[in-house]
């Protein structure tokens, strides 16, 4: 999946975006990490943006994780710190579970690595898998995700909804399926979860329950932030990532 958007292979942090999310929404967090002495790259997932889609590739959390792991093994000089938002968190957790030698830490933003609720599945499949994608469906998601802090660049936020329809659909199903059941128990690297206190995609009690059940997983709840916690509170997220990955 080599492409120029992968950036510096020596970067110590790799940011993996969520379903129908633009890689550009990482920019504030990247700046915050840079101020703290880190280099972060934000490659688009397969089929998103300029990222190539290998011939015959079947989109799923596991297949994307293997594709990225192969690239890390050939291009990265040391284990990386993975930061994954939403669907990207499922992919990050899977890479860390299946290839622990490649991953130094995992930060999960706006998610825990379990399948979303049946209500969320029903809502999103109804909006996006049953015919043409309507503007009101897109706006519903953007309003739910960004709350009162939407990016001014509407072209950026809408662009992922215009990718190949088979990729958009398959990556949505991957997001709804989540990780394989054995993944959480296989995470050996340090793990932290950062969620916004106002995030409506996962009940905070569900997030807390996951953290309580997995020793060594730290939780930070950011006040007045929602699902796009890294967009709404980039400095807070950068500082927490820095604290996790700095000896």
Quiz prompt | Mean Cα-pair separation over length for the chain, i.e. relative contact order, pairs under 8 Å, 6 or more apart, % | solution = 25
Quiz item: Do the sum for the chain: with -39,500 (n - 2.57) for every DSSP H run of n ≥ 4, divided by all residues, what is the mean residue ellipticity at 222 nm, to the nearest 500 deg cm²/dmol?
Solution: -12500 deg cm²/dmol
Quiz item: Assuming a viscosity of 1.002 mPa s and a temperature of 20 °C, what translational diffusion coefficient in µm² per second does Stokes-Einstein assign to the chain, Rh being the Kirkwood radius over Cα pairs?
Solution: 120
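Every read-out reported here was derived from the displayed coordinates using simple, explicitly stated rules and does not represent laboratory data. Bear in mind that the values here come from a model prediction, so they are computed numbers and not experimental data.
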